[in-house]
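Worksheet: the structure to be examined is printed underneath.
The values are calculated or read from the model by the stated rules, or taken from the named source; none is laboratory data. Every value quoted in this text rests on a predicted model; they were computed, and no experiment measured them. Counting neighbours? That spans all protein chains shown, and the Cβs are built from the backbone with ideal geometry, glycine included.
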Amino acid sequence: MLSVSEFKLNKHLFYQLTVAIVVFTILIFSVGWKEIYWIYGAIILFSFFLSRFIYLSYFSSKINKSFLYFDENVIIKKDLDFIEIYPLNQLSAVNFANAQGENFVMIKLSFGNETMFFPYERAFKNVLERFARNITVSANAKKRGILSNRFPFSNQIQDLLYLHENSKASKNKFKFIAISVIISSLILIIAVPYFLDWNSFREAKKINTSTSFRNYIKEDRNHLYKISAKEKIKGKYDEAINIYNKTNADDKSAIIKILQYLKDNEIYYVDILFQNDNRIRDISKNYDVRIRSAENSFTTTKNKDREKELISTLNKTLGSIFPSDIICIEEITDRKNVPRIEIIYSYTNSEEGSLYYPVAQENINEYQRDYYYGLTIYWHFKLFVPTEKNSIYSFTLKSNPAVQFSAETSNTDNVYSNMVYSAFKDFDTEFKKHFLGD
């Protein structure tokens, strides 16, 4: 049995359903897999609004033109766009008359000079008659200010509810709403993962980098477009190789072989291994001037810091052509089946026996100056891929600090560190010449 207030809810439910659709759509296209359980919570609410809206819309189209409602105080009849309301205590008689069509009977509720008519199926006339008797007793009791214990008001409710449940207009309504909720929920529960998967791939394509596609693949719940994402990444490597082929590098084969291996094995990193040898000796006794010791400037910790700086420099050099998610040098040495760079370098005293001193001391006596050893660094570079036993490329280099370089202070450690960085620039220049061209 539906009341007027329930039909008025149609309009409100339409607005609620619209808001639910908007909010649900935003959630589908904005949250990630970590928030999937929030989506399932939204599905339950959305299914309620949807099924409720469908239910009321369906039945309002069937019985909103004419229905009967009552409670312990009033009887209401809605007929098309007209509503008649009568107090129950004014009910004077309940009669029956033949209705148009042999399958229907007309129930007549009299309120003094006013009569309310309402048709019902003839098959339920016995229920109608019981309803008429009970509601008459209830109306009389209402007039006397009491309710009959013999015919409690629930009897009328049950009788009229039975009539509505078995009427053609409202038949199987509870079954209908249950099916609507189940079907709506199932459709949404099945559809949401596919929507989120599609949206994740759409976001990856929007960013359009190897990293965005790798992030899509890395999420276990994404599966619809994993093959497409892998193809996109391979396409990025093909683009990088095409761009690299346009450079004037002397020998492109080594880098192309590395890129091809990274592409085929779905990785982007190249490991680097350093080995260093400090052969700097204290030769101050060979000079008559004051020389600052280099002993504390080439400790293991300081060498590690310089190596990290060199890795950063090499990545910037490669980054001038390749994105960092295409190829990136990382200082990890225990991974298997990863291309690697081996750099062996050694510090020695300058072969020419050169010494450096601060420019600010240029005009003072040489015996009063602070001198620093000149350095020479010998480099041995090798590049390996896991598929080949021997290195695919190698070169050697002897580098010296610049004739003049800058240091923030004349502190001994600061001077030697900047001297080394000046020599390291030679290595970066050589690396660039071999692999990127001029």
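Only residues that are under 17 Å from Val74 (Cβ atoms) and free of Cβ contacts under 8 Å to residues at least 12 places away in the same chain: list them for the range 94-116, please.
Hit for the range 94-116 is Thr115, nothing else.
Among all residue pairs at least 6 apart or on different chains, which show Cβ distances below 7 Å where the first residue, located in the range 332-350, is at positive phi and the second is not polar (S, T, N, Q)?
Asn337/Pro386
How many residues are surrounded by 15 or more Cβ atoms within 10 Å (Cβ to Cβ), of a type in the set (A, V, I, L, M) and under 21 Å from Asp238 (Cβ atoms) if we restrict to the range 188-208?
Within the range 188-208, residues that are surrounded by 15 or more Cβ atoms within 10 Å (Cβ to Cβ), of a type in the set (A, V, I, L, M) and under 21 Å from Asp238 (Cβ atoms) number 1.
Can you spot a residue in the range 375-397 that is surrounded by 15 or more Cβ atoms within 10 Å (Cβ to Cβ) and farther than 30 Å from Lys252 by Cβ?
Yes, the range 375-397 contains a residue that is surrounded by 15 or more Cβ atoms within 10 Å (Cβ to Cβ) and farther than 30 Å from Lys252 by Cβ.
Among the residues of the range 143-162, are any modelled with pLDDT of 75 or more and part of a helix (DSSP H, G or I)?
Initial filter on the range 143-162 (modelled with pLDDT of 75 or more): 143.
After this cut, where a residue has to be part of a helix (DSSP H, G or I) as well, the list is 143.
Yes, the range 143-162 contains at least one residue that is modelled with pLDDT of 75 or more and part of a helix (DSSP H, G or I).
Which of the residues belonging to the range 77-102 are at pLDDT below 70 and loosely packed, with under 14 Cβ neighbours inside 10 Å? Before the answer, list the steps.
Let us first name the residues in the range 77-102 that are at pLDDT below 70, namely 78-82, 100-101.
Of everything in the range 77-102, those that are at pLDDT below 70 and loosely packed, with under 14 Cβ neighbours inside 10 Å turn out to be Leu80, Asp81, Phe82, Gln100, Gly101.
Restricting the search to the range 255-294, which residues are surrounded by fewer than 18 Cβ atoms within 10 Å (Cβ to Cβ), small (Gly, Ala, Ser) and either over 29 Å from Tyr378 (Cβ atoms) or touching a helix residue (DSSP H, G or I) at 6+ places or on another chain (Cβ under 9 Å) (or both)?
Matches in the range 255-294: Ser293 only.
Could you tell me whether Phe201 is assigned to a helix (DSSP H, G or I) and in contact with a Phe, Trp or Tyr (Cβ under 6 Å, 6 or more places away or on another chain)? Break it down into steps so the answer makes sense when it comes.
Working: assigned to a helix (DSSP H, G or I): yes; in contact with a Phe, Trp or Tyr (Cβ under 6 Å, 6 or more places away or on another chain): yes.
Criteria met by Phe201.
I'd like to check something: does the range 60-76 contain any residue that is assigned to a helix (DSSP H, G or I) and modelled with pLDDT of 75 or more?
No; the residues of the range 60-76 include none that is assigned to a helix (DSSP H, G or I) and modelled with pLDDT of 75 or more.
Filter the range 326-345 for residues that are basic (Lys, Arg) and in a loop (DSSP other than H, G, I, E, B); which is surrounded by the most Cβ atoms within 10 Å (Cβ to Cβ)? Steps first, answer last, please.
Filtering the range 326-345 down to residues basic (Lys, Arg) leaves 335-336, 340.
Remaining after also requiring in a loop (DSSP other than H, G, I, E, B): 335-336.
Values: Arg335: 12, Lys336: 6.
My answer is Arg335.
Go through the range 209-223 residue by residue and tally those that are in contact (Cβ under 8 Å) with a residue 24 or more places away in the chain and closer than 24 Å to Tyr237 by Cβ.
Start the filter on the range 209-223 by keeping residues that are in contact (Cβ under 8 Å) with a residue 24 or more places away in the chain, which leaves 209-211, 214, 219, 221-223.
Those still in the list that are closer than 24 Å to Tyr237 by Cβ too: 209-211, 214, 219, 222-223.
Going through the range 209-223 one residue at a time, the tally reaches 7.
Just to be sure, is Thr348 surrounded by fewer than 15 Cβ atoms within 10 Å (Cβ to Cβ), among the hydroxyl-bearing types (Ser, Thr, Tyr) and part of a strand (DSSP E or B)? Spell out how you get there, then give the answer.
Working: surrounded by fewer than 15 Cβ atoms within 10 Å (Cβ to Cβ): no; among the hydroxyl-bearing types (Ser, Thr, Tyr): yes; part of a strand (DSSP E or B): yes.
Criteria not met by Thr348.
So Ser394 fits all but one of (1) part of a strand (DSSP E or B); (2) within 42 Å of the chain's Cα centre (by Cα); (3) over 19 Å from Thr313 (Cβ atoms); what number is the exception?
Failed condition: (2).
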